[in-house]
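Please treat every number below as a calculation from the coordinates, not as lab data. As the structure is a computational prediction, the values presented were derived from the model and not from experiment. Cβ sites come from the backbone with ideal geometry, for glycine too, and all protein chains shown count toward neighbours.
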Amino acid sequence: MDPITTGAICVYHDMIETAVEALDGSGIPVAAVSTGFPAGLSPFHLRVAEIEESVKAGAREIDIVISRRHVLTQNWQALYDEMRAFRDACGDAHVKAILATGELGSLRNVARASLICMMAGADFIKTSTGKESVNATLPVSLVMIRAIRDYFDATGVHVGYKPAGGISKAKDAITYLALIKEELGPRWLQPDLFRFGASSLLNDIERQLEHHVTGAYSASYRHPMG
Amino acid sequence: MTVKEIFETMEYGPAPESAAEALTWLSERGGIAGPFINGKWGPLRDDFNSNNPATGEKLAGVTQSTEAEVAAAVKAAAKAQPAWAKDGERRARVLYAIARGLQKNSRLLAVMETLDNGKPIRESRDIDVPLAIRHFYHHAGFAQLMADELPDREALGVCGQIIPWNFPLLMLAWKIAPALAMGNAVVLKPAEYTPLTAMIFAEICDQAGVPKGVVNIVTGDGRVGEMIVASEVDKIAFTGSTAVGREIRKATAGNGKALSLELGGKSPYIVFDDADLDSAVEGLVDAIWFNQGQVCCAGSRLLVQEGIAERFYSKLKARMEKLRVGDPLDKSIDVGAIVDPKQLKSITDMVAGNTEGETFQTSAPEGCFYPPTLITGLHTASTLMQEEIFGPVLVSTTFRTPAEAVQMANDTRYGLAATLWTENINLALGVAPKLVAGIVWINGTNMMDAAAGFGGVRESGFGREGGWEGLAGYTKPKRVAKPIDKIESFTGSGQLSDPIDRTAKLYIGGKQARPDGGYSRVVYGPKGKPLGEVSLANRKDLRNAVEAAHAAKGWPGTTGHLRAQILYYLAENLSVRASEFEVRIKAMTGKSAAAEVQSAISSLFTYAAWADKYDGQVHGVPIRGVALAMKEPVGVIGALCPDDAPLSGLVSTLAPAIAMGNRVILAASEPFPLAATDFIQVLETSDVPAGVVNILTGSHAELAPHMASHMDIDAVWNFSSSPLTEVVEAQSASNVKRTLTAPGPPSTKEMLAAATEVKNVWVPYGE
């Protein structure tokens, strides 16, 4: 069996070059957070330019943040146009649309924003930047993956899902896997369609593996951050 | 299986809950479920088996209790009850201790329930047992509050309780908690298939300080149930099939036992085109695949708006494919075993007998399992759309408009629950009152709680379990019922002085009508003087009156304010003619009637006052939402009016009925009918819409059986002095009517309660 790896390494623009070098030959892609992450409030042309720079620097995946005000004012055309522009700027790179669901006010808004971003070409939809006060939750995830299911039923296009922030225990991860399996099916459990954005999750998984092997419960300091 | 393979398939592994502790518990007690009488077990005999339906293996032996044992249980209960009824605060503490005991033993109870019944451990652990615990906590509070809040009510005495196999512990809790809270003692029979959690419960009662004899359990099959019904108990509470409920109604007719029946259902599940379809699909999992569909209130009749039907069915089928059917002790199983091979055969035969529509089934393992099934494209009158299957089988058809959905939902003999899904609150709250059901769930289903009454209308039975409204079923008014002697008509002779025929007519549909049979009789005064002639109504006049009452279909929808105005107007118009009525009544009875006329006027004023004030409640159920306990009219009520009070008896019967929005067919005082026929003129001048009040005169004994067996009458009130209680109660079994036969006079509150049904509308909220 091939060694288990992370799906991608996600960094700010400044670290792309270093990351690309470090991962050379590993097959692990570098992803960059972009478009004025996490607030997405810098001038529009700079946000587009940031994407272009990051792609040029070697990022194969771009995580954009949407303008929350377009959702809160129900300006769906503006949200669509913004997402389209980001999509075009990405070129061949994968694009994940971060909805910042903790700031959208209602599950209805989450569903609508999910759909608009998928229509405008997002390869993935992602809950949050990890910087909002509320990040991935099960209700929000259910709404987003049902939007993905409806979009697939209507178009045949597979859009991926990434819950981010707040998933730090192996048990939570299994709950999410079960949710995806039940609502979307096993195809969406592959790395090209499902990611966790949770830097602290790995440590807990290692603890659980140690417990599985030895039968004794583990401590986090036995698995230092790699 | 390697880790790589697991990652590829992502199949669920087994997640078994251990049966060891439950099996040890049983073997330590000899492996036999039997009677628990006066705080003692036994005698325990291994008369038949209680099997684990998932494996077919014997779990325990069960004792078929004898008549002597049932009698001993009833005697023990009768002896213990008076002391138990004395102190509400003490009862509260004992009920609280039972709740704690259930909580402490919750896993044992859950595992035992799953072993005995076959339901998934996920349900017994997360639904059945927590709801049972909640019931005891909640009713501990009712015991505490009884003295202050229900000062006019007292315990019934000994309650015989017969419960089904689908929720053995939960149904036990629904029966025993309110009975004990109100100061009754009980003799309960668990179902023959599922007696085991009742054994654990009996031990918990013992530990919780329940006095000996207050809780008695007898085990066995339906014959033991019959013994309880025939025994010296004060009430029978039954949950089970409509057929058995009907037999119990007949068996208890006329013997004074209180009765509550929670029977079958074929509850509609309506999905409007603006519903959250994914949620509505999940709702159906809870509606019809919960407990293998063996649920009286299961949303078993799916009605989908036509425009979204195909999309909805395809989502539903995709969801069905994911249901995991199998070992009920596996913690990630969705659908468990059918309770018994007999029930499996019944489900299998019903589905196999259907030749209509399209059947979609997923798969189920070998053994006592049945696959989740959807049958679409049925007609509203198809057998499977009308008959309760009591299995994981959903039947469906489509509708186009909300009005059509309501009509299809209500075209059933049952009326237990209804579910509707729409994101439009106007539509939801508009449709809910129109559904004929005791419970309406909006955007959710099978929500139950101790604070909200559960129970149905029509052939789903009567009485409520849970909430303030449920306490009425375990209490009676504190008053001494006076038996009434039959009042005979006076006889006499001689001609009426007026040569022109002035025979008083019947009042049907707002018109004075000659009797169908064409016969009349002379009414004589106490000294034999002829006073007038009165029509003799027969069954056809009754039929016509029922038709007329149903034609007045706008009345239940009128406002309480309007009904109050009409009742005040009646009172006013009666006041104007008070002296005329006094003379008439005195001529008929020979007694001074001033007080009676004043009492009739006062009654009209009282119920006019109540017409717009007998409010429902908002129950604080533990969800993010509310349960609205709405008081609705019972429907069309037939009443045999008191014989002794020719005017006030009639008026105090019709006033609460029409104040609450019912329509009535009144059989006037048999010996003294002329006050009622004079009252027709008061009705005619007081804006009472045609058909709302219909008045018949003639023989109560002749009308009573037809009234009680009429399928389009919802309730019969019998205040006659003729001995008709038995016939009324027995015949009311036809369509499981509500009957009120209280020897009088009932209080205002009792009359208002009899004139209304509580419908609980559950409204979850939040985005």
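Hull surface divided by four, with the convex hull built on the Cα atoms of region B:1-92: how many nm²?
Details: hull surface 44.6 nm².
Mean shadow area of the hull around the Cα atoms is 11.1 nm².
Starting from the Cα coordinates of region B:162-276, work out the convex hull volume and express it per residue in Å³. Before the final figure, lay out the partial values.
Numbers: hull volume 17.7 nm³, N = 115.
Each residue corresponds to 154 Å³ of Cα convex hull volume.
So which of B:K434/B:K476; B:K553/B:K749; B:K250/B:K759; B:K250/B:K342; B:K189/B:K212 end up more than 22 Å apart, counting from Cα to Cα? Before the final figure, lay out the partial values.
Numbers: B:K434/B:K476 31 Å; B:K553/B:K749 25 Å; B:K250/B:K759 26 Å; B:K250/B:K342 27 Å; B:K189/B:K212 17 Å.
Result: B:K434/B:K476; B:K553/B:K749; B:K250/B:K759; B:K250/B:K342 exceed 22 Å.
What do you get when you divide the Cα radius of gyration of region B:624-724 by 2.2 N^0.38 Å, with N the number of residues?
Details: Rg = 14.8 Å, N = 101, 2.2 N^0.38 = 12.7 Å.
Region B:624-724 yields a ratio of 1.16.
Restricting the calculation to Cα positions, tell me the Rg (one decimal) and the Dmax (whole number) of region A:13-52 in Å.
Just the Cα atoms of region A:13-52 yield Rg and Dmax of 12.2, 36 Å.
Rounded to the nearest 500, what is the protein assembly as shown's calculated 222 nm mean residue ellipticity when only DSSP H runs of at least 4 contribute -39500 (n - 2.57) each, over all residues? Don't skip to the end; give the middle numbers.
Details: 34 runs with 399 residues, N = 993.
When only DSSP H runs of four or more count, the value is -12500 deg cm²/dmol.
Could you give log10 I(q)/I(0) at q = 0.23, 0.29, 0.30 Å⁻¹ for region B:257-307, computed by the Debye formula over C-alpha point scatterers of equal weight, without solvent?
-0.85, -1.10, -1.14
Quote the FRET efficiency, to the nearest 0.05, computed for B:R311 versus B:V618 with a Förster distance R0 of 35 Å and r equal to the Cβ-Cβ distance. Working shown, then result.
Numbers: r = 36 Å, r/R0 = 1.02.
It comes out at approximately 0.50.
For the pair B:D47 and A:K171, how long in nm is the line joining their label points, each one 7 Å along Cα→Cβ?
4.7 nm
Report P(r) for region A:60-158: all Cα-Cα distances, bin width 5 Å, range 0 to the bin holding the largest distance, values in whole percent.
In order of increasing distance, the bins hold 2, 14, 27, 26, 21, 8, 1 percent.
Measuring from label point to label point, each 7 Å out along Cα→Cβ, what is the B:A68 to B:A481 span in nm?
Spacing of the two 7 Å Cα→Cβ label points: 3.3 nm.
At 0.36 nm per residue, and after removing the present C-alpha to C-alpha distance, how many nm does the segment from B:T380 to B:S575 gain when stretched out fully?
On the way: separation 195, 0.36 × 195 = 70.20 nm, distance 5.14 nm.
Result: 65.1 nm gained on full extension.
Using only the Cα atoms of region B:253-351, build the gyration tensor, take square roots of its eigenvalues as a ≥ b ≥ c, and label the shape rounded, prolate or oblate: rounded if a/c is under 1.5, else prolate if a/b is larger than b/c, else oblate. List each step's numbers first, then the result.
Numbers: a/c = 2.33, a/b = 1.35, b/c = 1.73.
Oblate.
Give me the one-decimal Kirkwood hydrodynamic radius in Å for region A:9-222, with the sum taken over alpha-carbon pairs.
Numbers: mean 1/r = 0.0563 Å⁻¹.
Mean inverse Cα-Cα distance, inverted, gives 17.8 Å.
Which value, in Å to one decimal place, does the Kirkwood hydrodynamic radius take for region B:267-446 when every pair of different Cα atoms is included? Present the calculation step by step, with values, prior to reporting the outcome.
On the way: mean 1/r = 0.0618 Å⁻¹.
Computed over region B:267-446, the radius equals 16.2 Å.
For B:S106 and B:M711, compute 0.36 nm times the residue count separating them, minus their Cα-Cα distance, and round to one decimal in nm. Can you show the working numbers first?
Working: separation 605, 0.36 × 605 = 217.80 nm, distance 4.46 nm.
Using 0.36 nm per residue and subtracting the Cα-Cα distance, I get 213.3 nm.
With an 8 Å cut-off on Cα pairs and a minimum separation of 6 or more residues, tell me the relative contact order of region B:506-763 in percent.
Numbers: 552 pairs, mean separation 64.8, N = 258.
It comes to 25 percent, rounded to a whole number.
Quick check: from the Cα gyration tensor, does region B:408-527 come out rounded (a/c under 1.5), prolate or oblate? Before the final figure, lay out the partial values.
Details: a/c = 4.49, a/b = 2.03, b/c = 2.21.
Because a/c hits 1.5 or more and a/b fails to exceed b/c, region B:408-527 counts as oblate.
Could you give log10 I(q)/I(0) at q = 0.16 Å⁻¹ for region A:125-203, computed by the Debye formula over C-alpha point scatterers of equal weight, without solvent?
Here the Debye-derived log intensity ratios amount to -0.54.
Cα centroids of region B:330-355 and region B:560-602: how far apart, whole angstrom?
Each part's Cα centre sits 61 Å from the other's.
Looking at the calculated P(r) for region A:31-77, what percent of the C-alpha pair distances fall above 18 Å? Could the numbers behind the result be given before it?
Details: 344 of 1081 pairs.
For region A:31-77, the share of Cα pairs beyond 18 Å comes to 32 percent.
Across peptide A:12-18, how many C-beta atoms of other chains are within 10 Å of each residue C-beta, on average? Show your work: numbers first, answer last.
On the way: counts 0, 0, 0, 0, 0, 0, 0.
For this peptide, the per-residue mean of nearby foreign Cβ atoms is 0.
If you consider only alpha-carbon coordinates, what radius of gyration and Dmax does the protein assembly as shown have, in Å?
That works out to 34.1, 124 Å for Rg and Dmax.
Show log10 I(q)/I(0) for region B:506-763 at q = 0.12, 0.13, 0.14 Å⁻¹, two decimals, from a solvent-free Debye sum over equal Cα scatterers.
Once normalised to I(0) and log-transformed, intensities are -0.66, -0.77, -0.89.
Ratio of region B:147-230's C-alpha Rg to 2.2 N^0.38 Å, to two decimals?
Numbers: Rg = 13.2 Å, N = 84, 2.2 N^0.38 = 11.8 Å.
Taking N as the residue count of region B:147-230, the ratio is 1.11.
Counting only C-alpha contacts under 8 Å and six or more residues apart, can you give the relative contact order of chain A as a whole percent?
Working: 380 pairs, mean separation 28.3, N = 226.
Here the relative contact order equals 13 percent.
Suppose we keep just the alpha-carbon trace of region A:1-70; what are its Rg and Dmax in angstrom?
Considering region A:1-70 through its Cα atoms, Rg and Dmax are 13.5, 47 Å.
Rounded to a whole number, what is D in µm²/s for chain B from Stokes-Einstein with the Kirkwood radius over alpha-carbon pairs (4 °C, 1.567 mPa s)? Walk me through the numbers before you get to the answer.
Numbers: Rh = 27.6 Å.
The estimated diffusion coefficient comes to 47 µm²/s.
Under 16 Å from a point 7 Å along the Cα-to-Cβ line of A:Y217: which residues of region A:154-184 have their amide N that close?
Only A:169-172 fall inside the zone, counting backbone N under 16 Å.
Using Cα pairs under 8 angstrom and six or more residues apart, how large is the relative contact order of region B:264-362, in percent?
26 percent.
Take peptide A:176-185, look around each residue's Cβ out to 10 angstrom, count Cβ atoms belonging to other protein chains, and average those counts.
Counting other chains' Cβ atoms within 10 Å and averaging over A:176-185 gives 2.
Place the peptides B:30-40, B:501-511, B:357-367 in order of packing, highest mean first, counting for every residue the other Cβ atoms within 10 Å and averaging per peptide. Provide the component values of the computation, followed by the final result.
Numbers: B:30-40: 21.2, B:501-511: 18.4, B:357-367: 14.5.
Result, highest mean first: B:30-40, B:501-511, B:357-367.
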